[in-house]
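**Student:** Below is one structure. I have some questions about it.
The values are calculated or read from the model by the stated rules, or taken from the named source; none is laboratory data. Values in this document were obtained by computation on a predicted structure and should not be read as measured data. No Cβ is skipped: glycine too gets one built from the backbone with ideal geometry, and neighbour counts run over all protein chains shown.
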Amino acid sequence: MAMIEEFTRVWNSIWGLLGPILAFIIFYLLYPEKFERIVMHVLKLLSFFSKSAEKRSISKEVSRIITTSLARYLPLEEVPKVIVKWGDADRTILDLKKNMLIIVLREGRKHHYENVARALLKAIPDLLAPEMKVVYNSKFVDCLSAHIVKNAVRENTVLVSFINEFISSEIEKNEELRELFPMLIEIDDQSLFSRLLLPQLVRVAKIRYPHRDPGIDSEVRELVRIIYKVVKGEQAPGLIPMMCGKYFKLLILRVARPEKIAEMLEPHVQFTKHALDGCPTMESIYILAAGKVNITAAKSLKTLLISELKEIGLYARVSLEDEYKGFYKGKPHINLYVCKLEIG
């Protein structure tokens with residue numbers, strides 16, 4: 001009897017130690033996201049008393065935003081491990097071998113979400129393409145990053161307020177940014193920000209790196225304006241929505257006019273051939289459409305263009321084709337279509 005009582009006592013002692021640990025492990029395995037949120041809240045509370053806890057709290061928060069909101073919004077090939085450290089200035093260190101992004105924040109007791117906002121703003125260029133920080137104007141890259149972060153965390157009003165403060169401070173100092181930033185928002189409404197503008201910027205940055213040509217800034221501004229006019233339907237009649245610059249060479253076709261669909265899309269084909277005559281080094285053709293009827297026509301145009309271009313000795317291949325729902329002329333949940341043809 002004494003032996004049973006001793007065994008029971010020992011077992012209760014062991015279970016008293018291991019029980020909570022086992023319960024935590026089971027909870028983590030069954031509900032990993034909820035477990036992570038609990039850890040984040042605990043670290044956030046501890047951060048009021050410990051700089052070390054604040055670093056870990058920011059790291060957890062930034063990692064969660066990157067792996068959830070940003071990963072769905074941006075074409076990220078791989079999400080690195082994020083580590084936050086304190087230093088004398090905000091900067092990032094990308095370790096490709098370890099797949100690690102170290103975000104160094106200027107030390108000082110700031111609001112938790114202000115630190116998270118600063119960390120995200122610094123992280124965006126490295127997540128997209130580190131080359132962008134060298135090739136493009138730094139203020140434009142900051143503005144681009146701010147828009148991306150704001151869009152990804154729009155449900156967190158406190159975090160958005162700090163992003164807005166940053167945007168306001170940057171735009172007030174720069175007339176060009178005051179013009180471009182509203183255009184980025186309009187372009188993003190039709191999801192052409194992540195499907196057209198960003199891929200073009202990333203592609204050119206990778207090609208140009210490590211050379212910085214200030215002349216590229218005017219081309220970037222022109223690219224944003226062209227896409228914006230297409231989105232708003234402000235393209236002047238007879239004016240081809242294309243760019244044939246030193247770095248950006250693309251044509252945008254929007255299948256939207258019923259009479260052109262009725263004419264078997266021939267006007268679009270002639271439009272494209274005319275554009276290629278004016279820009280023999282054209283690299284990309286984007287076909288856009290909104291609404292089921294126009295999307296069906298756009299897919300037919302894709303096939304027709306590939307065939308027609310082949311006849312004149314040009315090889316075109318589909319590198320992007322996406323049908324999705326989004327905003328169009330202020331209306332939500334409209335069927336939208338983007339197809340990119342690369343010309344070889």
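**Student:** Tell me, which helices (runs of 4 or more DSSP H) lie completely within the stretch 137-223 with 2 or more residues that are among the aliphatic types (A, V, I, L, M) and touching a residue at least 60 places away in the same chain (Cβ under 8 Å)?
**Tutor:** Values: elements: 138-152, 157-173, 175-189, 198-208.
Answer list for the stretch 137-223: 138-152, 198-208.
**Student:** So residue 293 passes all but one of these: (1) out of contact with any strand residue (DSSP E or B) (no Cβ under 9 Å at 6 or more places or on another chain); (2) assigned to a loop (DSSP other than H, G, I, E, B). Which condition number does it fail?
**Tutor:** Condition (2) is where residue 293 drops out.
**Student:** Mind listing just one residue for me: the one in the stretch 236-265 that is in a helix (DSSP H, G or I) and out of contact with any helix residue (DSSP H, G or I) (no Cβ under 8 Å at 6 or more places or on another chain) and, of those, modelled with the lowest pLDDT?
**Tutor:** Taking the stretch 236-265 first, the residues in a helix (DSSP H, G or I) are 258-262.
From the residues that got through so far, the ones that are out of contact with any helix residue (DSSP H, G or I) (no Cβ under 8 Å at 6 or more places or on another chain) too are 258-259, 262.
Details: 258: 64, 259: 63, 262: 58.
Filtering the stretch 236-265 for residues that are in a helix (DSSP H, G or I) and out of contact with any helix residue (DSSP H, G or I) (no Cβ under 8 Å at 6 or more places or on another chain), the one modelled with the lowest pLDDT comes out as 262.
**Student:** Now for a separate question. Which is buried (at least 22 other Cβ atoms within 10 Å of the Cβ) and more than 28 Å from residue 247 (Cβ to Cβ), of 84, 104?
**Tutor:** Values: 104 fails: buried (at least 22 other Cβ atoms within 10 Å of the Cβ).
Answer to the selection: 84.
**Student:** Under 15 Å from the mean Cα position of the chain (by Cα), surrounded by fewer than 17 Cβ atoms within 10 Å (Cβ to Cβ) and either of a type outside the set (Asp, Glu) or in a helix (DSSP H, G or I) (or both): does that describe residue 124?
**Tutor:** Working: under 15 Å from the mean Cα position of the chain (by Cα): yes; surrounded by fewer than 17 Cβ atoms within 10 Å (Cβ to Cβ): no; either of a type outside the set (Asp, Glu) or in a helix (DSSP H, G or I) (or both): yes.
It is false that residue 124 is under 15 Å from the mean Cα position of the chain (by Cα), surrounded by fewer than 17 Cβ atoms within 10 Å (Cβ to Cβ) and either of a type outside the set (Asp, Glu) or in a helix (DSSP H, G or I) (or both).
**Student:** Conditions first: (1) part of a helix (DSSP H, G or I); (2) closer than 24 Å to residue 217 by Cα. Residue 130 passes all but one, so which condition is the exception?
**Tutor:** It fails just one condition, (1).
**Student:** Related question: Counting just the residues of the stretch 126-136 that are in contact (Cβ under 8 Å) with a residue 24 or more places away in the chain and of a type outside the set (A, V, I, L, M), which one comes out farthest from residue 70 (Cα to Cα)? Please lay out each step first, then the result.
**Tutor:** If we filter the stretch 126-136 for residues that are in contact (Cβ under 8 Å) with a residue 24 or more places away in the chain, which is where we start, we get 126-132, 134-136.
Those still in the list that are of a type outside the set (A, V, I, L, M) too: 126, 130-131, 136.
Details: 126: 13, 130: 16, 131: 19, 136: 22 Å.
So the residue we want is 136.
**Student:** Would you please name the residue that is farthest from residue 131 (Cα to Cα), looking only at residues in the stretch 161-218 that are among the aromatic types (Phe, Trp, Tyr) and under 16 Å from the mean Cα position of the chain (by Cα)?
**Tutor:** Here the answer is 181.
**Student:** Another one. Residue check: is residue 137 closer than 28 Å to residue 222 by Cα and either among the polar types (S, T, N, Q) or crowded, with 19+ Cβ neighbours inside 10 Å (or both)? Please lay out each step first, then the result.
**Tutor:** Numbers: closer than 28 Å to residue 222 by Cα: yes; either among the polar types (S, T, N, Q) or crowded, with 19+ Cβ neighbours inside 10 Å (or both): yes.
So residue 137 passes the test.
**Student:** With the condition kept exactly as written, say whether any residue in the stretch 323-338 is of a type in the set (A, V, I, L, M), more than 17 Å from residue 233 (Cα to Cα) and modelled with pLDDT of 95 or more. Spell out the reasoning first.
**Tutor:** Within the stretch 323-338, the subset of a type in the set (A, V, I, L, M) is 334, 336, 338.
Then keep just the ones that are more than 17 Å from residue 233 (Cα to Cα); that gives none.
For the stretch 323-338, residues of a type in the set (A, V, I, L, M), more than 17 Å from residue 233 (Cα to Cα) and modelled with pLDDT of 95 or more: absent.
**Student:** Just give me the residues in the stretch 265-303 being touching a residue at least 12 places away in the same chain (Cβ under 8 Å) and farther than 25 Å from residue 248 by Cβ, in sequence order. Please lay out each step first, then the result.
**Tutor:** If we filter the stretch 265-303 for residues that are touching a residue at least 12 places away in the same chain (Cβ under 8 Å), which is where we start, we get 265, 268-269, 271-276, 278-279, 281-295, 297-302.
Answer for the stretch 265-303, where residues must be touching a residue at least 12 places away in the same chain (Cβ under 8 Å) and farther than 25 Å from residue 248 by Cβ: 265, 291, 292, 293, 294, 295, 297, 299, 300.
**Student:** Here's another thing I want to ask about it. Could you give me the residue pairs with C-beta distances under 6 Å whose first residue belongs to the stretch 224-235 and is outside any helix (DSSP H, G or I), whose second residue is among the small types (Gly, Ala, Ser) wherever it lies, and which are 6+ apart or on separate chains?
**Tutor:** Within 6 Å, no pair qualifies.
**Student:** Right, residue 320: crowded, with 17+ Cβ neighbours inside 10 Å and assigned to a strand (DSSP E or B) or not? Walk me through it before giving the result.
**Tutor:** Working: crowded, with 17+ Cβ neighbours inside 10 Å: no; assigned to a strand (DSSP E or B): yes.
Against the criterion (crowded, with 17+ Cβ neighbours inside 10 Å and assigned to a strand (DSSP E or B)), residue 320 does not qualify.
**Student:** It is to be established whether one or more residues within the stretch 274-290 are at pLDDT 90 or above, in a strand (DSSP E or B), aromatic (Phe, Trp, Tyr) and within 21 Å of the chain's Cα centre (by Cα). Don't jump to the end; show me each part of the working.
**Tutor:** Of all residues in the stretch 274-290, those at pLDDT 90 or above come to 274-290.
Next, from what is left, pick out any that are in a strand (DSSP E or B): 284-290.
After this cut, where a residue has to be aromatic (Phe, Trp, Tyr) as well, the list is 286.
Adding the requirement that they be within 21 Å of the chain's Cα centre (by Cα) leaves 286.
Yes: the stretch 274-290 contains one or more residues that are at pLDDT 90 or above, in a strand (DSSP E or B), aromatic (Phe, Trp, Tyr) and within 21 Å of the chain's Cα centre (by Cα).
**Student:** Quick one: would you say residue 81 is touching a strand residue (DSSP E or B) at 6+ places or on another chain (Cβ under 9 Å) and of a type in the set (Lys, Arg)?
**Tutor:** Numbers: touching a strand residue (DSSP E or B) at 6+ places or on another chain (Cβ under 9 Å): yes; of a type in the set (Lys, Arg): yes.
Against the criterion (touching a strand residue (DSSP E or B) at 6+ places or on another chain (Cβ under 9 Å) and of a type in the set (Lys, Arg)), residue 81 qualifies.
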